[in-house]
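Take a look at the structure set out below.
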């Protein structure tokens, strides 16, 4: 467009009007006109190149945090930073990963952080990208997982292009996320950006961890750096997670030593493999059964003290319960029936409860992820993994000889009970073995039989208890826990994020993918194919939002109405979705839909071979509801 | 009143075990129609299509070897806990008998040790 002419006449008119009413615009107009050869004649047009844009410095800052990937759906509000990442930064550490939805970007970060043990970044496009991101951010928040979020925005209204850019700009970008992020900032200078990104990184990764959001202002990014010699990227020193008070730890040891039926409930307790090792040490010192609530991988499924599937009975008979970073403490001891809302107490009224947790330091008012208030006998504020060695030490040093004998005597029964629990799971898995659609236990078994020779494996996302009940999982990286907030759409992108982290560590990644969850954002399959992220995706395709079918059945029963219409609005049939076709259209190797149980293992085997070649692959298996 | 009836029932049962068993016997039902009804009322969502039970404690195993017909009927009409009730208005006595016949017809699966289940 012949902008010169139009703009010139506009400016002239504007100047006249403004002069007449004496407004600020008089000053604004000539300032704009100075910038370019608006009159179209006279001096030769200047080269307007910005040789060292602010976004180059932003990339330096991001590099200083060690973030290796930035997942993003491209957007103009951060186009300068995007360009600096790929050109100035060489698209390495961070590498730009093309995503098809901001929910995918964040959920990838979520899965990645748990598998990698460190956060990665995502970039959201102004208002629209941030709004798309919200559900996944909420999941990460509920799961206490760090995500480094960056967002583009043009704060200075004077510079915004009219129209769409206004819709995509926001005065307070983090406002919609503030209820479920740990911290945010909107830096107004590059130095401010550097300090805030490092602060954000520290805050995000200190337990209780959580997502943080830094706005990378578009003008700051696009304009040249002024006075670069004055800019400094501060040193990044991570804070050490805090250990619980030593007196309280001694008290906890006393209670555990005196207990006859102690039990440990571990949820988001282990932050790394070391956490698991420490928990094993404590459990063995006391011979106390451990229930792994699964927020993280806390305890090997092969250990005779892992009694996860006996949780109910153990809590019922317990005299002392040690909870380690349990997300829902009340729910471990009490329940509310559904749909009649009848209160039931599971535990003994006089059970002594100890909770080691930092969760109370990160509680906000609006969203109710804090769960019901739970009175306990000893609340130790401290990071569970950091506190365990001191507790184990106290247990060992405080053990009387009588206690040592009693604790030693527990082994036999514990080993027998563990065996019984495992036999029960295997017997349950055998029931309905030949049924069509295939039983979830059989699917889980076939998958295991294909991958069992992998030295290092990770089942990234799975709602199936079978994987934990039937599979021998000995390593921290075998499972990474759940979504946190149970917001649908987490599964596929979180698994791809975990697979990305695991690709770099040589860990084979698989996931059990539910159908409804995949349809929230199937585009992440393309992201996996495009970036060559190997992952074996096995569909648990029950052709329904299965839980909602059951809810409708319950409501029909409650309301005394017909019991045969629960499929309306809850099932995903008519037409059936062909996930194999969907996956292959997005660049994956795929198999299915498989309805014959006998064909499941060979299909998984073929897909497995593709994953071993470095490709993502999907097997669509039509399954029982659960 | 209730105690009396129970006492009498107990005495009768003790004296005439054969008759007591007779009382517990399921009425005649069609396993084939039972399967249709089982699918129509979607018992499978919580119990699996062959009553194998569902993961995560969703619904217990129903077959093979279902509970007695009396317990079965009682559970359907007035469930113990969280299961939705299947009342007479919507599920007839004959349908209940058919459902039971279906569950009773389900053959046992191979034993766990005969299957390629992980074992460690």
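Just give me the residues in segment A:450-477 being farther than 14 Å from residue A:536 by Cα, in contact (Cβ under 8 Å) with a residue 60 or more places away in the chain and either within 7 Å of another protein chain (Cβ to nearest Cβ) or part of a helix (DSSP H, G or I) (or both), in sequence order.
Matches in segment A:450-477: A:464, A:465, A:468, A:469, A:471, A:472, A:476, A:477.
When you look at residue A:137, is it in the same structural domain as residue A:82 (by TED's automatic domain parsing), surrounded by 24 or more Cβ atoms within 10 Å (Cβ to Cβ) and touching a residue at least 12 places away in the same chain (Cβ under 8 Å), yes or no?
It is true that residue A:137 is in the same structural domain as residue A:82 (by TED's automatic domain parsing), surrounded by 24 or more Cβ atoms within 10 Å (Cβ to Cβ) and touching a residue at least 12 places away in the same chain (Cβ under 8 Å).
Being more than 14 Å from chain B (Cβ to nearest Cβ) and more than 20 Å from residue A:360 (Cα to Cα) is the filter here; which residues of segment A:316-345 pass it?
Residues satisfying the conditions are A:316, A:317, A:318, A:319, A:320, A:334, A:345.
Right, residue A:511: assigned to a strand (DSSP E or B) and either more than 14 Å from every other protein chain (Cβ to nearest Cβ) or touching a residue at least 40 places away in the same chain (Cβ under 8 Å) (or both) or not?
In short, yes.
Suppose we filter A:411, A:405, A:435 for residues that are outside the structural domain of residue A:289 (by TED's automatic domain parsing) and more than 34 Å from the chain's Cα centre (by Cα); which single one remains?
Sole residue among the options that is outside the structural domain of residue A:289 (by TED's automatic domain parsing) and more than 34 Å from the chain's Cα centre (by Cα): A:435.
For (1) outside any loop (DSSP other than H, G, I, E, B); (2) surrounded by fewer than 19 Cβ atoms within 10 Å (Cβ to Cβ); (3) in the same structural domain as residue A:480 (by TED's automatic domain parsing), each residue gets a yes or a no:
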| position | (1), (2), (3) |
| --- | --- |
| A:219 | yes, yes, no |
| A:239 | no, yes, no |
| A:256 | yes, no, no |
| A:263 | yes, no, no |
| A:291 | yes, no, no |
| A:302 | no, yes, no |
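Only one of A:573, A:601 is touching a residue at least 24 places away in the same chain (Cβ under 8 Å), within 14 Å of chain B (Cβ to nearest Cβ), under 32 Å from the mean Cα position of the chain (by Cα) and in a loop (DSSP other than H, G, I, E, B); which?
On inspection, the qualifying residue turns out to be A:573.
Which fully enclosed helices (runs of 4 or more DSSP H) of chain B have 1 or more residues being farther than 23 Å from residue A:467 by Cα and at pLDDT 95 or above?
Counting at least 1 such residues, we get B:31-40, B:69-77, B:93-105.
Only one residue in A:497, A:516 is assigned to a helix (DSSP H, G or I), more than 10 Å from chain B (Cβ to nearest Cβ), touching a residue at least 12 places away in the same chain (Cβ under 8 Å) and over 27 Å from residue A:93 (Cβ atoms), so which one is that?
Only one candidate passes the filter, namely A:516.
Look at segment A:221-237 and say how many of its residues are in a loop (DSSP other than H, G, I, E, B) and at pLDDT 95 or above.
Residues that pass the stated criteria total 9.
Let me spell it out: the conditions are (1) more than 23 Å from residue A:603 (Cα to Cα); (2) more than 14 Å from chain B (Cβ to nearest Cβ), and residue A:578 meets all of them except one. Which number is the exception?
For residue A:578, the exception is condition (1).
Which members of segment A:42-99 meet the condition of being closer than 19 Å to residue A:532 by Cα, free of Cβ contacts under 8 Å to residues at least 24 places away in the same chain and in a loop (DSSP other than H, G, I, E, B)?
A:90, A:91, A:92
Quick check on my filter: what residues within segment A:539-561 are closer than 16 Å to residue A:626 by Cα and in a loop (DSSP other than H, G, I, E, B)?
Of everything in segment A:539-561, those that are closer than 16 Å to residue A:626 by Cα and in a loop (DSSP other than H, G, I, E, B) turn out to be A:542, A:543, A:545.
Test of understanding: among A:521, A:485, which residue is more than 14 Å from chain B (Cβ to nearest Cβ), touching a helix residue (DSSP H, G or I) at 6+ places or on another chain (Cβ under 7 Å) and surrounded by fewer than 24 Cβ atoms within 10 Å (Cβ to Cβ)?
A:485 is the lone residue from the list that is more than 14 Å from chain B (Cβ to nearest Cβ), touching a helix residue (DSSP H, G or I) at 6+ places or on another chain (Cβ under 7 Å) and surrounded by fewer than 24 Cβ atoms within 10 Å (Cβ to Cβ).
What is the residue count in segment A:424-440 for residues that are assigned to a helix (DSSP H, G or I) and more than 7 Å from every other protein chain (Cβ to nearest Cβ)?
Qualifying residue count, segment A:424-440: 2.
What number of residues within segment A:422-441 are in contact with a strand residue (DSSP E or B) (Cβ under 9 Å, 6 or more places away or on another chain) and either crowded, with 20+ Cβ neighbours inside 10 Å or over 22 Å from residue B:39 (Cα atoms) (or both)?
Counting residues in segment A:422-441 that are in contact with a strand residue (DSSP E or B) (Cβ under 9 Å, 6 or more places away or on another chain) and either crowded, with 20+ Cβ neighbours inside 10 Å or over 22 Å from residue B:39 (Cα atoms) (or both) gives 4.
Looking at residue A:221, is it in contact (Cβ under 8 Å) with a residue 24 or more places away in the chain and under 30 Å from residue A:406 (Cβ atoms)?
Here the answer is no, as residue A:221 does not meet what is asked.
Taking segment B:54-71 as the search range and keeping residues that are under 22 Å from residue B:30 (Cα atoms) and within 11 Å of chain A (Cβ to nearest Cβ), which one is surrounded by the fewest Cβ atoms within 10 Å (Cβ to Cβ)?
Looking at residues that are under 22 Å from residue B:30 (Cα atoms) and within 11 Å of chain A (Cβ to nearest Cβ), I get B:65.
Quick one: which of B:97, B:74, B:104 is more than 9 Å from chain A (Cβ to nearest Cβ) and loosely packed, with under 15 Cβ neighbours inside 10 Å?
The match here is B:74.
The values are calculated or read from the model by the stated rules, or taken from the named source; none is laboratory data. Just so it is clear, the model here is predicted, and its values are computed rather than measured. So basically every Cβ, Gly included, is an ideal-geometry build from the backbone, and we count neighbours across all protein chains shown.
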